[in-house]
Amino acid sequence: MYSDTLEGELRRVDYATDDGAFAVVRIRAESGEVVAVGPIGHLPPGSHVRLDGSWSTHPKYGRRFRVKQYLVEDPRTLDGLRRYLASGAVRGLGAELARRAVDRFGLEVLDILDDEPERLLEVPGIGKKRLDDIIGCWERDKSGRELTVMLRGHGLGAAVTQRILDKYGDGALKVVTSNPYRLADDIQGVAFRTADTIARAVGIASDDPRRADAAIRWLLMEGESDGHCFLPRGELTRRCSDLQIPAARVEGSLKRLVLEGRLVVRDTTDPVASPVYRAEVERRERDVADRLKALFTDRREVSHSVELAQTRVGLTLNPDQAGAVGLALASGVSVITGGPGTGKTTIVKVLMEAADLQKEDWALAAPTGRAARRLAESCGKEGKTIHRLLEYSMQTGGFTRDASKPLEIDGLVVDEASMLDLGLMDAVLAALPSGARLVLVGDADQLPSVGAGNVLADLISSGQVPVASLTQVYRQAEDSAIVQNAWRILRGLPVVSAEKSSQAAKKDFFLVAREDAIRARQTLCQVVQERLPAKGFDPLVDVQVLTPMRKGPLGTFALNEALQDLLNPDGKELVRGQRRYREGDRVLQVKNDYDTDVFNGDVGRITALDESSMTVDFDGRVVTLVGEQLDLIELAYAISIHKSQGSEYRAVVVVLHTGHHVMLRRSLLYTAVTRAKEFCAIVGSRRAVGTAIRSRGNEARWTGLADRLR
């Protein structure tokens, strides 16, 4: 798995972050003392360790061993044993008592801790109370070490092992040996098949009812990760059969889990099609439907406010746009949807002005930080991420604003609503006060949410929610080949490169055909490094490369490595696992971080770094990241198309290849192209582009929201 192994005694820790996620340690190996770096800051000095990883040479600090996995063994020397016991690994044994214990028992002290701990009373200074503390700590440490060895044998690394220990505490080993199926339910990173392998190893029979129960819940969660809210009964049974679970056992588990309140099965005329939900997801879907129905209200007269608002902001809306503003003001809940160039942002600006005229307080929000900032800039009013608006609490893992403490607003506009999943929609609706209005603005043709649900599409298809669909393109947008090709993609027509189009006044869209993946990567690099700077675009600030996948020669990993070496080849470095960062690098936040107020999808530049921290400027918000925060950062010269949702860039370079065939579909390409404001180039295979345009894709999601609204 990893190319090198290092074995020896951990002599000392030179540096470690508070959480131990990064450390610099000294290892005494057979070849002499060497430096190792990695997630080993919590290991006690004196331990005998086996480290898996690879050797590297740092330009400043020299040759070092980069640790990916580790195994801790008992100390093998008297000196190491003293250091181990004195390091705090066994609470109650300080440096002096550790010295006395080793002087009294030698290397047998660990066997005595295991088998005859009462003999420690022979050591001067250890009494009955201290002995009880020592025994308790040793037992906990022993179970943790046994668990680490066991889980490593099943391919689980240090991070997952630590999550298991954090979840179950002192009972972790007991849980893993008595019912490992709980891991698939409770622990991120543990799939059912892994839990099943552990179950076989500890002697749990394949017909144990817990096996079928765990498989069903895991398959439902796996379905949710693909966007589904439920699985039809027949589909769930089919997937269970792939795990060698017969239909009769599935039926028994379904009955049992429904009785326990862990699953909900909605009856239909066709039992095979009956939706099977995890109970928490079914509750969310039901609550969203009920809360939306409560917002269905009679229309109000608002035409005068709409006309006056246009005058105040100095804009004249076309009839469809004016109707959309009126619909939003008059309805309890409404949807405004439209493609590029149809003026959705202009409508929100006029809507905010009309709300002010009516002495109402409306809030602006979006799923991502970049979308929220863009909304605020265009409307001249504060915009927040939904998580910030609802006051997410790290302590509780939930939102402070809910039905018990609703928002103090008269209305809420949520932009980029295609990104809303069921859970986030549930939270938004729960926090809306009685009488408030909700306006969802988005492009229904973009990619759906990453999480479970298809909220915007379900609201539109239900026929129960007022919808303003914008189709008229602004005159200034009509000349853009980006806009023209976005609409062509939606209609299933081939894209037209600007140099071949007599209609396009702007030369802002190009298709550069390269059938070979390596040639495509070379051309992409040339476009970013040479052609776009010649057109006035700064590749480190203005240009975003988008690709469907993370792996492969045209995935984010390979492209980021190539672009980093081209655009930022030198400078101070920070190495984090397999990732290498340099001052000046363009980086992406991949998860919300409420401590720093930086959110998933935010792009910034590294302004400073050292061996254990980096300072990043996220559009004027400068934060310093350490420890686990560094694991939330990736290089962003190239990002996935899914990660680009909610963002806009001056210039976009999209790479598509037949190697991306599993991802190629119309909504993916449409989403990528519509991220570009001033320039878009597609580099890659004509065949892949054609496949994406022709394929509407298997985007149907199993959701019940539209039916519930009807």
Within 26 Å of Ala279 (Cβ to Cβ), surrounded by 22 or more Cβ atoms within 10 Å (Cβ to Cβ) and modelled with pLDDT of 95 or more, is that true of Met425? yes
Does the stretch 674-694 contain any residue that is closer than 27 Å to Phe230 by Cα and among the basic types (Lys, Arg)? no
Could you tell me whether any residue of the stretch 578-597 is in contact (Cβ under 8 Å) with a residue 60 or more places away in the chain and of a type in the set (Val, Ile, Thr)? no
Check whether at least one residue in the stretch 360-374 is of a type in the set (Ser, Thr, Tyr) and within 35 Å of the chain's Cα centre (by Cα), and report yes or no. yes
Within the stretch 664-710, can you find the residues that are buried (at least 18 other Cβ atoms within 10 Å of the Cβ) and part of a strand (DSSP E or B)? Ala676, Phe679, Cys680, Ala681, Ile682, Val683, Gly684
Listed residues Thr523, Thr547; which is touching a Lys or Arg at 6+ places or on another chain (Cβ under 8 Å), under 18 Å from Leu656 (Cα atoms) and polar (S, T, N, Q)? Thr523
Please identify the pairs in which a residue from the stretch 428-455 that is closer than 21 Å to Leu364 by Cβ and touching a residue at least 40 places away in the same chain (Cβ under 8 Å) has its Cβ atom under 7 Å from the Cβ atom of a residue that is open to solvent by 10 Å² or more (accessible area, probe 1.4 Å) and among the aromatic types (Phe, Trp, Tyr), counting only partners at least 6 apart or on another chain. Ala431/Phe399
Kindly state which strands (runs of 3 or more DSSP E) lie completely within the stretch 478-585 and contain at least 3 residues that are of a type in the set (D, E, K, R). 579-582
State all residues of the stretch 49-104 that are within 29 Å of Lys572 (Cβ to Cβ), modelled with pLDDT under 80 and open to solvent by 50 Å² or more (accessible area, probe 1.4 Å); if no residue qualifies, say none. Pro59, Lys60, Tyr61, Lys68
Can you tell which of Val72, Val102, Val109 is β-branched (Val, Ile, Thr), in a strand (DSSP E or B) and closer than 30 Å to Val34 by Cβ? Val72
Cβ-Cβ distance below 7 Å, separation of 6 or more or different chains: which pairs start in the stretch 234-260 with a residue that is over 14 Å from Ala214 (Cα atoms) and end on one that is open to solvent by less than 40 Å² (accessible area, probe 1.4 Å)? Ala247/Thr237
Of a type in the set (D, E, K, R), touching a Gly at 6+ places or on another chain (Cβ under 6 Å) and assigned to a strand (DSSP E or B) - does that describe any residue in the stretch 635-653? no
Single condition Thr197 does not satisfy, out of (1) of a type in the set (Val, Ile, Thr); (2) touching a Lys or Arg at 6+ places or on another chain (Cβ under 9 Å); (3) surrounded by fewer than 21 Cβ atoms within 10 Å (Cβ to Cβ): (2)
Any residue at all in the stretch 641-659 that is under 25 Å from Ile482 (Cα atoms), more than 20 Å from the chain's Cα centre (by Cα) and at pLDDT below 85? yes
Among the residues of the stretch 29-48, how many are open to solvent by less than 20 Å² (accessible area, probe 1.4 Å) and over 17 Å from Ala16 (Cα atoms)? 1
Only one residue in Leu351, Leu317, Leu329 is touching a helix residue (DSSP H, G or I) at 6+ places or on another chain (Cβ under 7 Å), open to solvent by less than 10 Å² (accessible area, probe 1.4 Å) and within 30 Å of Val673 (Cα to Cα). Which one? Leu351
Being in contact (Cβ under 8 Å) with a residue 12 or more places away in the chain and either part of a loop (DSSP other than H, G, I, E, B) or touching a Phe, Trp or Tyr at 6+ places or on another chain (Cβ under 7 Å) (or both) is the filter here, so list the residues in the stretch 351-386 that pass it. Met352, Ala355, Gln358, Glu360, Asp361, Pro367, Thr368, Gly369, Gly380, Lys381, Glu382, Thr385
Among residues of the stretch 265-314 being open to solvent by 70 Å² or more (accessible area, probe 1.4 Å) and acidic (Asp, Glu), the residue modelled with the highest pLDDT is Asp290
Go through the residues of the stretch 207-214 one by one and say whether even a single one is free of Cβ contacts under 8 Å to residues at least 24 places away in the same chain and open to solvent by 20 Å² or more (accessible area, probe 1.4 Å). yes
Step by step: first the residues of the stretch 595-611, then only those that are among the small types (Gly, Ala, Ser) and on the phi < 0 side of the Ramachandran plot, then the one that is surrounded by the most Cβ atoms within 10 Å (Cβ to Cβ). Which residue is that? Gly604
Somewhere in the stretch 177-186, is a residue assigned to a helix (DSSP H, G or I), open to solvent by less than 10 Å² (accessible area, probe 1.4 Å), in contact with a strand residue (DSSP E or B) (Cβ under 6 Å, 6 or more places away or on another chain) and not acidic (Asp, Glu)? no
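The values are calculated or read from the model by the stated rules, or taken from the named source; none is laboratory data. Since this is a predicted model, take the numbers as computed values, not measurements. For neighbour counting, all protein chains shown are included, and Cβ atoms are generated from backbone atoms with ideal geometry for every residue, glycine included. Quick note on the areas: whole protein, heavy atoms, side chains included, nothing else; ligands and nucleic acids left out. Shrake-Rupley method; radii C 1.70, N 1.55, O 1.52, S 1.80 Å.
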